[in-house]
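Quick note: the coordinates plus some simple rules give every number you see, no bench work behind them. Since the model is a prediction, treat every value here as computed from it, not as a measurement. Positions of Cβ are generated from backbone atoms using ideal geometry, with glycine treated the same way; all protein chains shown enter the neighbour counts.
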Amino acid sequence: MSIKTITITGAAGQIGYQLAFRIASGQLLGPREKINLKLLEIPVALDALNGVAMELDDCAFPCLETVTVTDNASVAFQDCNYAFLVGAKPRGPGMERSDLLIENAGIFSVQGTAINANANRNVKVLVIGNPANTNALITMSNAPDIDPKSFSAMMRLDHNRALAQLSTKTDSHVTSIKKLTIWGNHSTTQYPDIHHATVKDQQAIDLVSLDWMKNTFIPNVQQRGAKIIQARGLSSAASAASAAIDQLRDWTFGSAENDWISMAIPSDGSYGISEGIIYSFPVICSEENYEIVQELEMNELSESYLKASEAELLIERKTVEHLL
Ligand code: NAD
Ligand code: LMR
């Protein structure tokens, strides 16, 4: 049996601390797949990271083979099959995620280069550190020898948040909701779209009012990250780690039948979105790959949301063009 190498950057941070244990316990690849875990941190956080490694040992996880603790990106990404790029500064109260762009961008050009030089050629890279979409673009641009389809930014947390909001509103379980989409950027311009969604086989759009969709649902999902920061004084962590596992698991093993997920991926021009930016689309995953769901009908309101998020991503791309 092969052993999979999984890299987590920022592994001593809040999300990393959740992610490492869930992955090592088999929640990503299942209980029978052996794992080499490589944990990357900056030098000042290595003591804390050694503590995380000690705790991983103390769990005696059956599928965990080795744990590597390092501050060297080349070591961390050596032979990597799955990379969770978490290590980055989080925003505080009153900040937008894009305020982190200048500070965090350099991290992702260095890590893209290290992935290009060291990772398995079929690596799957999920960028979580904010602003996630443009950080994924930087990472991908600095790894020219790896298929661009290997890079994604995390929108699954937004997708799960939208499921939860719609489930409460329609008094239905999250599992009865299908074909919901988050389009665009992991920011306040993201567009949680229920026009194609169903709830227990009924059209979601027929179960709620336009006013609720526009003035409650969409802003609630767009602003949920800020709400969590306001409540916790820290950004979301357990829900972010959970969403990261959901996204990579579906990307690897396939998304559920008769449904789709939202993934921020390099745009191929679908739905008129500029090529190359990392934009969230509805995708169906199968056989370690994904395809964008095509030919969904879009009304004028939806088009305007899609364009607003595209415009924001084009500005972010301009800001970091020296790193691309
Ligand atoms: P945190 O501050 O608790 O942890 C971040 C860790 O990254 C720290 O331990 C830090 O030392 C480390 N780090 C910084 N630079 C690094 C580098 N160059 N290499 C390796 N490690 C490095 O933050 P957190 O709450 O875990 O959040 C991490 C990031 O994830 C933030 O940018 C946050 O905004 C983002 N986030 C994204 C989503 C999403 O849905 N995409 C959700 C939640 C949080
Ligand atoms: C989130 O959506 O919870 C994260 O992106 C953290 C943040 O800054 O909102």
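If R0 is taken as 35 Å, the Cβ-Cβ distance between L314 and E288 corresponds to a FRET efficiency of 0.70.
Helix 156-170 and the longest principal axis of the Cα set of the chain meet at an angle near 40°. Using θ = phi - 60° in the Karplus curve 6.51 cos²θ - 1.76 cosθ + 1.60, the 3J(HN,Hα) couplings for region 98-114 round to 5, 5, 8, 4, 5, 5, 8, 4, x, 4, 7, 6, 5, 6, x, 4, 5 Hz; x is entered for Gly and Pro.
Below 14 angstrom from the Cβ of R161, what's the summed charge of the other residues (Lys, Arg +1; Asp, Glu -1)?
Net local charge, R161 excluded: +1.
The mean sequence distance of close C-alpha pairs (under 8 Å, at least 6 residues apart), as a share of the length of the chain, puts its relative contact order at 17 percent.
Summing Cβ point charges (Lys, Arg +1; Asp, Glu -1) relative to the Cα centre of region 29-110 gives a dipole of roughly 260 debye. Residue-wise HN-Hα couplings along region 228-243, as the Karplus relation 6.51 cos²θ - 1.76 cosθ + 1.60 with θ = phi - 60° gives them from phi, are 5, 4, 4, 6, 9, x, 9, 6, 3, 9, 5, 5, 5, 4, 5, 5 Hz; Gly and Pro carry x.
Straightening the chain between Q202 and N215 buys 2.5 nm, computed as 0.36 nm per residue apart minus the Cα-Cα spacing.
If one computes the Cα centroid of region 209-274 and of region 91-131, what distance in Å separates the two points? Cα centroid to Cα centroid, the span is 18 Å. Computed from phi, the 3J(HN,Hα) profile of region 64-75 under the Karplus parametrisation 6.51, -1.76, 1.60 (θ = phi - 60°) reads 8, 8, 9, 10, 10, 10, 8, 10, 10, 4, 5, 5 Hz, with x in place of Gly and Pro. Scanning residues 5 or more positions from T5 or on other chains, those with amide H under 5 Å from its amide H are N36, N81, Y82, with H placed 1.01 Å from N in the peptide plane.
The Cα center of region 151-172 and the Cα center of region 1-47 differ in position by 25 Å.
In the chain, helical runs assigned H by DSSP with n ≥ 4 each contribute -39500 (n - 2.57); averaged across all residues and rounded to the nearest 500, the mean residue ellipticity at 222 nm is -12000 deg cm²/dmol.
Within the shell of other residues whose beta carbon sits under 13 angstrom from the beta carbon of V75, the net charge comes to -2, with Lys and Arg scored +1 and Asp and Glu -1. Extension gain for K89 to F253 (0.36 nm times residue separation, less C-alpha to C-alpha distance): 56.0 nm. Pairs with C-alpha atoms separated by more than 31 Å, drawn from the list K227/K307; K38/K200; K34/K227; K34/K149, are K38/K200; K34/K227.
Can you give the local net charge around I107? Use residues other than it whose beta-carbon is closer than 14 angstrom to its beta-carbon, Lys and Arg +1, Asp and Glu -1. Walk me through the intermediate numbers first.
On the way: positive: K89; negative: E41, D71, E103.
Here the charged neighbours net out to -2.
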